[in-house]
Amino acid sequence: KWRRIKRMQEREERRQKREERRAQREREIAEGAPPPFLPDFKGAISKVFVPYLSHFVSREEERLVKLVEQFGREPPVVLDDVEARTRVLESSATLFMAIKSALKRCQLLTDGQPLVDLGSAFLRALGAYADMLMGRLPRAVQNPAATPDQVRLGPAEEEMLCNLVNTAAYCFDTAAQLVATIKRSLQEPLRESLTADPVQDRFTAVTTAGVRGVVLLVQGKTDPILAGIPKIKWDAIESVGDETPFVGQLRATIAPALTPASRFLAPLYWKSFLDKFAGGFVGRYAVAVQKCRKFSFPGANQLHVDTQSVEALLLELPRALNNSATRSYTTIVQRGLGRVKATLKVITSPTEAMARTFRALFGGPEGFPCSVAPS
């Protein structure tokens, strides 16, 4: 009887221990702990492939480079995003889709050095694509020293120039997003080994050259009109009228010349282009006025009126093109043409008050010699 009681006690103790272990295991499962009796298989299979991923990286880079070479041989096709007002080459979207596909496959296998190598391969392919875009720019546009008379483009070529600027800008932004995505998948020590800065610089070179080309194209249409300002006999004008014919010529030329850029450039680069155009035009206008050597008082007043009309034309230009401008555009126009108007006010001042007027308008020192005199 004593032995039977002891066996019963031992069975009860074992049962209680089993219950305690079961309860403890249930708590561990609820907290997300893996079963102690199961090995941790995480990464065990993918690690088998890591030594061979260099071959995968090489093949992917080769495939992307061939894809870029194919884009360079084929006629460009444009994707038009109406809502975003952005037109980019279809090849850029195709390239990033191929990159995304390769990245997803590699992320399933590793978060180490092979993923860094693949990211570097992506950036090299994007660099080749940036070079391809630069090569598609007109030769004169690629030349940083090009002048307006050297840039001659038809409507289709001008539209494509704007599309190339948009595409380079899209690639600039997407390259940064790509590197950020890769870094989130990498082990912490490896994240700083990847940067998009060098390839972004190459896309920036494309956008800079493209915007400069569009500005030169417009300047090529306005420069002949500005060149005619010094040829006008301002000293022969006897009365002030509404405006000189060159103002009407500018009004008929500038808006149509800027229409392709307004329609096809992405909003950010339209504003950048507009600022550069304003700076170049105002500077050229000022030079044209400086070349006018002789003025009658009515002639100087007439040019002052014309300058006010040109200023109003430029300030109204963005709205006339159903577009917007930055504050800097307004500042460039008002400040640049303001100095021209101030110069003309000095010219129209009485001889004895000319130096005083100059100091009041330009802030010159007392007794500043003024060599400008009316005829």
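Please work out if ARG73 is open to solvent by 100 Å² or more (accessible area, probe 1.4 Å), charged (D, E, K, R) and at pLDDT below 85. Full working, then the answer.
Values: open to solvent by 100 Å² or more (accessible area, probe 1.4 Å): yes; charged (D, E, K, R): yes; at pLDDT below 85: no.
Against the criterion (open to solvent by 100 Å² or more (accessible area, probe 1.4 Å), charged (D, E, K, R) and at pLDDT below 85), ARG73 does not qualify.
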>> So PHE297 ticks every box in (1) surrounded by fewer than 20 Cβ atoms within 10 Å (Cβ to Cβ); (2) in contact with a strand residue (DSSP E or B) (Cβ under 8 Å, 6 or more places away or on another chain); (3) of a type in the set (Phe, Trp, Tyr) but one. Which box is left unticked?
In response: (2)
> Only one of these conditions is not met by GLN113: (1) touching a helix residue (DSSP H, G or I) at 6+ places or on another chain (Cβ under 6 Å); (2) closer than 28 Å to ARG184 by Cβ. Which number is it?
Replying inline: (1)
> Within the stretch 237-253, which residues are touching a helix residue (DSSP H, G or I) at 6+ places or on another chain (Cβ under 7 Å), among the aliphatic types (A, V, I, L, M) and open to solvent by 10 Å² or more (accessible area, probe 1.4 Å)?
Replying inline: ILE237, VAL240
>> Which condition from (1) at pLDDT below 90; (2) among the polar types (S, T, N, Q); (3) open to solvent by 60 Å² or more (accessible area, probe 1.4 Å) is the one that THR348 breaks?
In response: (3)
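Would it be correct to say that ARG293 is assigned to a helix (DSSP H, G or I) and basic (Lys, Arg)?
On the way: assigned to a helix (DSSP H, G or I): no; basic (Lys, Arg): yes.
No, not satisfied.
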> In the stretch 324-344, what count of residues is obtained for those that are buried (at least 19 other Cβ atoms within 10 Å of the Cβ) and within 23 Å of the chain's Cα centre (by Cα)?
Replying inline: 4
>> Would you confirm, using the coordinates I've provided, whether PRO198 is within 20 Å of the chain's Cα centre (by Cα) and not in a helix (DSSP H, G or I)?
In response: no
>> Condition check: touching a Ser or Thr at 6+ places or on another chain (Cβ under 9 Å), of a type outside the set (Gly, Ala, Ser) and surrounded by 19 or more Cβ atoms within 10 Å (Cβ to Cβ). Does VAL289 satisfy that?
In response: yes
> Right, ALA84: small (Gly, Ala, Ser), under 23 Å from ALA266 (Cβ atoms) and either in a loop (DSSP other than H, G, I, E, B) or modelled with pLDDT under 90 (or both) or not?
Replying inline: yes
>> Please verify whether ASP223 is farther than 26 Å from PRO318 by Cβ and either polar (S, T, N, Q) or buried (at least 16 other Cβ atoms within 10 Å of the Cβ) (or both), treating the condition exactly as stated.
In response: no
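For every residue, the table says whether it meets (1) of a type in the set (A, V, I, L, M); (2) touching a His at 6+ places or on another chain (Cβ under 8 Å); (3) open to solvent by 50 Å² or more (accessible area, probe 1.4 Å); (4) modelled with pLDDT of 60 or more.
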residue	(1), (2), (3), (4)
ARG18	no, no, yes, yes
GLU28	no, no, yes, yes
GLY32	no, no, yes, yes
GLY43	no, no, no, no
TYR52	no, no, yes, no
SER58	no, no, yes, yes
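Results for (1) in a helix (DSSP H, G or I); (2) more than 19 Å from GLY248 (Cα to Cα); (3) open to solvent by 10 Å² or more (accessible area, probe 1.4 Å), shown as yes or no for each residue.
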residue: LYS271; (1), (2), (3): yes, yes, yes
residue: LEU313; (1), (2), (3): yes, no, yes
residue: GLU316; (1), (2), (3): yes, no, yes
residue: ARG319; (1), (2), (3): yes, no, yes
residue: ASN322; (1), (2), (3): no, yes, yes
>> Looking at the stretch 179-200, I want the residues that are surrounded by fewer than 18 Cβ atoms within 10 Å (Cβ to Cβ) and have a partner that is β-branched (Val, Ile, Thr) with Cβ atoms under 6 Å, at least 6 apart or on another chain. Which pairs are those?
In response: LEU190/VAL116; SER193/VAL116
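The values are calculated or read from the model by the stated rules, or taken from the named source; none is laboratory data. Computed from a prediction, not measured in an experiment: that's the story for all the values here. Backbone-built Cβ (ideal geometry, glycine too); neighbour counts: all protein chains shown. Just so you know, the surface numbers come from the protein's heavy atoms only, side chains and all, with ligands and any DNA or RNA stripped out. Shrake-Rupley method; radii C 1.70, N 1.55, O 1.52, S 1.80 Å.
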